[in-house]
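The values are calculated or read from the model by the stated rules, or taken from the named source; none is laboratory data. Note that the structure is a prediction, hence the values are computed from the model and not measured. As a convention, Cβ positions derive from the backbone with ideal geometry for all residues, glycine included, and neighbour counts pool all protein chains shown.
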There are 2 protein chains.
Amino acid sequence: MLERSHLTIIREVDRQGSLTAAAGVLCLTQSALSHTMKKLEQALGTDIWLREGRSLRLTQAGQYLLDVANRLLPQLDRAEERLSQYAQGQRGTLRIGMECHPCYQWLLKIVSPYLAQWSDVDVDVKQKFQFGGIGALFGFEIDLLVTPDPLYKPGLRFEPVFDYEQVLVVSRHHALAMATHVEPEQLSSEILLTYPVETDRLDIYNQFLQPAGISPKRHKVIETTEIMLQMVASGRGVAALPRWLVERYANEMEVVPVRLGQQGIAKQIFLGAREADANIDYLKAFFELARQQMS
Amino acid sequence: MLERSHLTIIREVDRQGSLTAAAGVLCLTQSALSHTMKKLEQALGTDIWLREGRSLRLTQAGQYLLDVANRLLPQLDRAEERLSQYAQGQRGTLRIGMECHPCYQWLLKIVSPYLAQWSDVDVDVKQKFQFGGIGALFGFEIDLLVTPDPLYKPGLRFEPVFDYEQVLVVSRHHALAMATHVEPEQLSSEILLTYPVETDRLDIYNQFLQPAGISPKRHKVIETTEIMLQMVASGRGVAALPRWLVERYANEMEVVPVRLGQQGIAKQIFLGAREADANIDYLKAFFELARQQMS
DNA sequence: ACAATCAATTAATTTTATTCATAGATACGT
DNA sequence: ACGTATCTATGAATAAAATTAATTGATTGT
């Protein structure tokens, strides 16, 4: 009754803006689409488009169908991809989702030995999710989630895979460069460089500045780690990054790490997956590799 | 390529155990199914079943397809149901999921005025979820979740709708009936009656007994609230229930509430939904009604 | 007012799905 | 061990469905 082809047509008409254009993309005639959808409308008993002059506008039912199409078609595509991998004797594709910038840096270290070890598994990394990483796991958009926020719920399995300290990075010539640690107040006269995410998702805000009621002099947003460090090195501001990351760049750049507060800020990265996938060998292997890296 | 019909056949063959039986259920001939699936196997390049004598056994690819079928077919069915509701001018079905027993009692109070107010909306209540309530929300199995554990994640929206106190219920003739409150130690000689859920999901355990390292003399499991209260009334044990629930039965049954600890145990019930559904009027109305009930 | 563009429609045609009839294989009962 | 019942697979025939070609009517922009 409601077939994959119907969903495909709805989605393509929405993308292309007209039946004719969609027909071109789908390698069919405009007439074919018109017939197919008319039949569906009759079967459902409701119109999908309002015919306004020579253009189409989705009805409420049509809009709903479009949402369904956008949700289910990618899953069908994925299923086919997966099956073709079975056919070729390949293992599959490991779709990894990430929810934080340090996650990415950590991931880089793991993926490379993983690819070497599992030559018949492809790795695909995604960063944007309509409903967040958890939603992407539940929605079968990804198979593995790298995140600082684990979620112990039925159907999911999380495991800490990396501990690190979040530190302040300053130029070697900065006044704070020699300090054993820095207090929130000392940042009120600094320019803070961060990745472009909401401030309450930044550790330096929610675990350091906000509890003390302090704001930096200015807040600048930088996309990439390397540029951020170069800005810090040239004295344009300070940033908060994982200690291990700072240390790796310490040789080539004039930057030094400084502890945030007396205790420092301890962070963890978690790896999460669906319980249903618990016995996929190449997924288990990723967890295993992550555990090894930890020590 | 991979069509709904293929998924339907895979699922039905799995349910019925044979092509022939599945063909009967699907109102087709055995030959039709055989042809259809053979074509799919050729297109995919991989077998779906191992032909063992006169019976079929799923290959790895087939098992995967079955999983896909069990995941996607219900969503397609749901979409059709929804569209037929659009066609009839009905609003739709509100699928509510529940994750705790007090939730059910609370829900009963809300659903009845809701049904009166929204005569063109059906309500369906589910209690079992393969991947928990959160998974059911993300997986479009339900539209609304009633739970004591909210989850503030992108894509979801939670809201507290009910505050109550969890109290101990004892018979009117029980030694504790007159006490202002009860300490954990006093339960070590009692028989505790609870709903059949894991103990660490029971508030009286994880918030009262376990912190004090106390166990009750015995622990009996009862399915329904009424029987539980009758058991309590007849002096067969004590139970932990919401205060308002106990008070509602206080007239007809010989039971009294007693505070758990000096502070009492404060509880909240939350209502959760997908953000994407935020502007469905009959869903908004449910939240609204819940808010009103609160005061 | 005219050309261009788009969706709907009808009838013809092609493609696809389904059935019928039958063969081959295997389990089960006697 | 033999026959029977019960599976699935297969080829040819048939029914059903999707698709096209050709055309119409409507609308937009120039």
ask   = Quick one: is residue B:13 within 16 Å of DNA strand D (Cβ to nearest atom), of a type in the set (A, V, I, L, M) and exposed (fewer than 14 other Cβ atoms within 10 Å of the Cβ)?
value = no
message = For segment B:125-135, which positions are more than 9 Å from chain A (Cβ to nearest Cβ) and either surrounded by 15 or more Cβ atoms within 10 Å (Cβ to Cβ) or of a type in the set (Ser, Thr, Tyr) (or both)?
response = B:125
query = Of all residues in segment B:282-295, which are free of Cβ contacts under 8 Å to residues at least 12 places away in the same chain and part of a helix (DSSP H, G or I)?
reply = B:284, B:288, B:292
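Each row is one residue, and each column tells you yes or no for (1) within 24 Å of residue A:200 (Cβ to Cβ); (2) outside the structural domain of residue A:197 (by TED's automatic domain parsing); (3) aromatic (Phe, Trp, Tyr); (4) modelled with pLDDT under 90.
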position	(1), (2), (3), (4)
A:114	no, yes, yes, no
A:117	no, yes, no, no
A:129	yes, yes, yes, yes
A:134	yes, yes, no, no
A:146	yes, yes, no, no
request  = Tell me, please, whether a residue that is more than 18 Å from the chain's Cα centre (by Cα) and farther than 18 Å from residue B:286 by Cβ can be found in segment B:136-152.
outcome  = yes
task = Give segment B:16-27 a look and list any residue that's surrounded by 15 or more Cβ atoms within 10 Å (Cβ to Cβ) and more than 9 Å from DNA strand D (Cβ to nearest atom), or say none.
result = B:26
In segment B:261-279, the residues that are out of contact with any Phe, Trp or Tyr (no Cβ under 9 Å at 6 or more places or on another chain) and touching a residue at least 24 places away in the same chain (Cβ under 8 Å) = B:262, B:264, B:277, B:278
task = Working only within segment A:4-38, note down all residues that are more than 10 Å from DNA strand C (Cβ to nearest atom) and either in contact with a Cys (Cβ under 7 Å, 6 or more places away or on another chain) or without any contact (Cβ under 8 Å) to a residue 12 or more places away in the chain (or both).
result = A:15, A:27, A:28
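Yes/no matrix, rows are residues, columns are (1) under 25 Å from residue B:109 (Cβ atoms); (2) crowded, with 20+ Cβ neighbours inside 10 Å; (3) free of Cβ contacts under 8 Å to residues at least 12 places away in the same chain; (4) out of contact with any Leu (no Cβ under 6 Å at 6 or more places or on another chain):
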site	(1), (2), (3), (4)
B:192	no, yes, no, yes
B:198	no, no, yes, yes
B:202	yes, yes, no, yes
B:220	no, no, no, no
B:237	no, yes, no, no
B:246	yes, yes, no, yes
B:254	yes, no, no, yes
B:259	yes, no, no, yes
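Could we say that residue A:67 is at pLDDT below 95 and within 16 Å of DNA strand C (Cβ to nearest atom) here? Outline the logic, then answer.
Values: at pLDDT below 95: yes; within 16 Å of DNA strand C (Cβ to nearest atom): no.
When the stated conditions are applied, residue A:67 does not pass them.
For (1) acidic (Asp, Glu); (2) within 30 Å of residue A:89 (Cβ to Cβ), each residue gets a yes or a no:
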position: A:225; (1), (2): no, no
position: A:238; (1), (2): no, no
position: A:241; (1), (2): no, no
position: A:246; (1), (2): no, no
position: A:254; (1), (2): yes, no
position: A:262; (1), (2): no, no
position: A:268; (1), (2): no, no
position: A:275; (1), (2): yes, yes
position: A:279; (1), (2): no, yes
remark   = Across segment A:184-203, the tally of residues that are assigned to a helix (DSSP H, G or I), modelled with pLDDT of 90 or more and within 16 Å of residue A:103 (Cα to Cα) stands at 1
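Could you list, in sequence order, the residues of segment A:48-63 that are touching a residue at least 12 places away in the same chain (Cβ under 8 Å) and more than 9 Å from DNA strand C (Cβ to nearest atom)?
Answer for segment A:48-63, where residues must be touching a residue at least 12 places away in the same chain (Cβ under 8 Å) and more than 9 Å from DNA strand C (Cβ to nearest atom): A:48, A:58, A:59, A:61, A:62.
Results for (1) within 22 Å of residue B:244 (Cα to Cα); (2) surrounded by 16 or more Cβ atoms within 10 Å (Cβ to Cβ), shown as yes or no for each residue.
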site: B:88; (1), (2): no, no
site: B:114; (1), (2): yes, yes
site: B:123; (1), (2): no, yes
site: B:144; (1), (2): no, yes
site: B:149; (1), (2): yes, yes
site: B:152; (1), (2): no, no
site: B:178; (1), (2): yes, no
site: B:189; (1), (2): no, no
ask   = Does residue B:83 count as over 16 Å from residue A:3 (Cβ atoms), away from DNA strand C (no atom under 11 Å from the Cβ), among the hydrophobic types (A, V, I, L, M, F, W, C) and at pLDDT below 95?
value = no
inquiry  = Suppose the filter is farther than 30 Å from residue A:275 by Cβ and either at pLDDT 95 or above or under 20 Å from the mean Cα position of the chain (by Cα) (or both); does residue A:238 pass it?
reply    = yes
